[in-house]
Structures are given as structure tokens and as C-alpha cells.
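Colleague: Got a structure here, written out as C-alpha cells. Questions coming.
We did not get these values from a lab; they are worked out from the coordinates using the rules stated. If you're wondering where the values come from, they're calculated on a predicted model, not measured in any experiment. Positions of Cβ are backbone-derived with ideal geometry, glycine not excepted, and every protein chain shown enters the neighbour counts.
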Amino acid sequence: MNLFVILIIVLAVIIIFSYQAKKNKKKKGEVVVREIQKLYWKLNDTVIPLYNFKKCPTCGSKAMNIRNISPTGKSIEYSCEHCDEVLSCTLISGKNPRKAMHIQEEIKMKIIELRALIGDEIHNKNIDITFKIN
């Protein structure tokens with residue numbers, strides 16, 4: 001076999017393996033996106049009974065997005081889904097924020113994992129983080 005044919009074969013194998021690795025990373029990234037989505041739903045279900053959420057004073061909407069739980073868990077920063085008004089609320093007296101804080105940390109770790117898999121494409125992922133308050 002001549003050298004040119006061998007080089008073509010080696011190049012083809014490299015391209016095939018490279019394509020397959022990228023495809024596997026994308027598939028794993030999609031799994032991580034679903035895991036993040038489930039964690040957000042779990043976080044939403046956890047925080048609603050723990051904090052004194054209020055509807056948006058600007059537009060009256062009850063659709064909100066959690067932005068951050070304070071390091072102590074005593075307050076949450078959230079925003080209106082419709083007008084992006086940033087609000088905060090406090091922990092209801094006697095409630096324990098530990099579970100919510102743990103879920104938030106899990107979400108942060110999954111986002112780091114996702115960023116390692118897909119890099120800057122993370123901004124193209126649509127993860128629904130909206131919840132409705134009563």
C-alpha cells in the first residue's frame with residue numbers, strides 16, 4: 001500500500017472518531033440539561049412554602065424566576081418572568097432553608113458540568129426556571 005492511501009485511511013479514522021466524540025458530548029449535554037431542569041422544578045417546589053413571595057409590584061404577574069438564595073438561606077432574590085423586575089423575599093419564621101440551599105448547589109455543579117461538556121453553547125440552552133406564586 002502506498003503512503004498516500006495509508007494517510008487517507010488514518011485521516012478518515014480520525015475524522016470518524018472526532019465526529020463520534022462530539023456527538024457523544026452533545027448527547028451527554030442534553031442529559032445534563034434535563035437533570036438541571038428537574039433540579040429547578042424540585043427547587044421551585046421546595047422554596048414556595050418556605051419564603052414570603054409576593055407578586056410583581058410593577059406588572060402584577062405571579063410568574064417568577066429564582067435568581068439566587070442568600071448564603072445563609074434567609075432570603076431569596078427572584079425576578080418577574082414578564083418585566084424582569086428584581087425582587088427579594090425572606091424566609092418564613094421557623095422554616096429551614098437547608099434543602100433549598102442544597103438543591104441550588106446541585107444546580108450550580110450541574111451547570112459547571114454542562115459548561116465543561118458544551119462550552120459557550122450553554123447560552124443556547126433553554127432551561128425553564130419559571131414558577132408561579134400563590
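Colleague: With the condition kept exactly as written, say whether any residue in segment 50-61 is under 28 Å from Glu113 (Cα atoms) and of a type outside the set (A, V, I, L, M, F, W, C). Steps first, please.
Modeller: Of the residues in segment 50-61, the ones under 28 Å from Glu113 (Cα atoms) are none.
Scanning segment 50-61 turns up no residue that is under 28 Å from Glu113 (Cα atoms) and of a type outside the set (A, V, I, L, M, F, W, C).
Colleague: Take the residues of segment 1-38 that are within 17 Å of Arg115 (Cβ to Cβ) and of a type in the set (A, V, I, L, M): which is surrounded by the fewest Cβ atoms within 10 Å (Cβ to Cβ)?
Modeller: It comes out as Val31.
Colleague: Determine, yes or no, whether Glu77 is assigned to a strand (DSSP E or B), at negative phi, charged (D, E, K, R) and surrounded by 12 or more Cβ atoms within 10 Å (Cβ to Cβ). Walk me through how you get there before you give the answer.
Modeller: On the way: assigned to a strand (DSSP E or B): yes; at negative phi: yes; charged (D, E, K, R): yes; surrounded by 12 or more Cβ atoms within 10 Å (Cβ to Cβ): yes.
Yes, satisfied.
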